[in-house]
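What follows is a single structure, written as structure tokens, with notes after it.
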């Protein structure tokens, strides 16, 4: 069933993936509203739905742009189902905005290849990165990720560093001028992330633990699969894989300091896993492992409902 629809790209694969993602948003909206009526308002959940769709489109764009795309669209369903799998108890719109702009910056920086368009790509990466920092000042530390990507590509030099920092310098100067001209203009304050304690690993609710463990195990399997075959790929494909894994490490840092119950801290992580899952799932010559994987996803999502059926009997 899953392989028939998502084994190729079609109108139905997009429609089902977007429908599953929107259904997941409203599913979590109901959970948040039950736990905290003030934290699950409809307007905020609508914004989350829009951001979720943008994230899914970014996954699709990345897969196609980096030539990881073959004929399937499994990555769309992976992101939608994994979004549903996570036990969410709050939204943080600003963190998701920062994560998306961080992703836009990443998409620009991986296009650097020494061609005449490299300067434009580096400048655009710095431009989007400024917006990420604007929504979460702590994201400034992830500039190291961008510099490491440039280093892996052999494009790290004084000129690229200057171009990357130029948008931040221009906006900082403009901000200082506004502070001088308008005394009431808001100043730039640094926020502090609260480190997560990962209480779900030892919590009373086993369902939440199984969901997190399933996502993490999938991530480990997919990453090791790519690392195993990286040395047999071309230099361009190998660099793309290393860049995605480097970005994956950055998303883990966001998770560690974003809060375990906050799905937005997991959004970029799920996006990377969805991108890396493309070739991995299509590498199976037989279809039943793919079907089994998605059945497991559905089983974990609706495990409470499934257990209630057997318990009631």
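The values are calculated or read from the model by the stated rules, or taken from the named source; none is laboratory data. Here the structure is a predicted model, which is why all the values come from computation and not from measurement. Quick reminder, even Gly has a Cβ in these numbers, built from the backbone with ideal geometry, and neighbours come from all protein chains shown.
Given the conditions (1) under 21 Å from residue 103 (Cα atoms); (2) part of a helix (DSSP H, G or I); (3) modelled with pLDDT under 80, and given that residue 260 satisfies all but one, which numbered condition is not satisfied? Result: residue 260 passes all but (2).
Residues that are in contact with a helix residue (DSSP H, G or I) (Cβ under 7 Å, 6 or more places away or on another chain) and closer than 26 Å to residue 241 by Cβ were ranked within region 128-142; the one that is surrounded by the fewest Cβ atoms within 10 Å (Cβ to Cβ) is 128. Taken over region 1-34, residues that are in contact (Cβ under 8 Å) with a residue 12 or more places away in the chain and either in contact with a strand residue (DSSP E or B) (Cβ under 9 Å, 6 or more places away or on another chain) or in a helix (DSSP H, G or I) (or both) amount to 20. Could you check region 233-257 and list, in sequence order, the residues that are in contact with a helix residue (DSSP H, G or I) (Cβ under 9 Å, 6 or more places away or on another chain) and at pLDDT below 70? Scanning region 233-257 gives 233, 237, 238, 257. Look at (1) surrounded by fewer than 19 Cβ atoms within 10 Å (Cβ to Cβ); (2) at pLDDT 80 or above; (3) within 30 Å of residue 136 (Cα to Cα) and you find that residue 201 fails only one, number (2). Among the criteria (1) at pLDDT 80 or above; (2) out of contact with any helix residue (DSSP H, G or I) (no Cβ under 8 Å at 6 or more places or on another chain), the one residue 30 does not fulfil is (1).
For residue 79, state whether it is modelled with pLDDT of 90 or more, at negative phi and in contact with a helix residue (DSSP H, G or I) (Cβ under 7 Å, 6 or more places away or on another chain). So residue 79 fits the description; yes. Tell me yes or no: at least one residue of region 160-183 is at pLDDT below 85, in a loop (DSSP other than H, G, I, E, B) and surrounded by fewer than 19 Cβ atoms within 10 Å (Cβ to Cβ). Yes, region 160-183 has at least one match.
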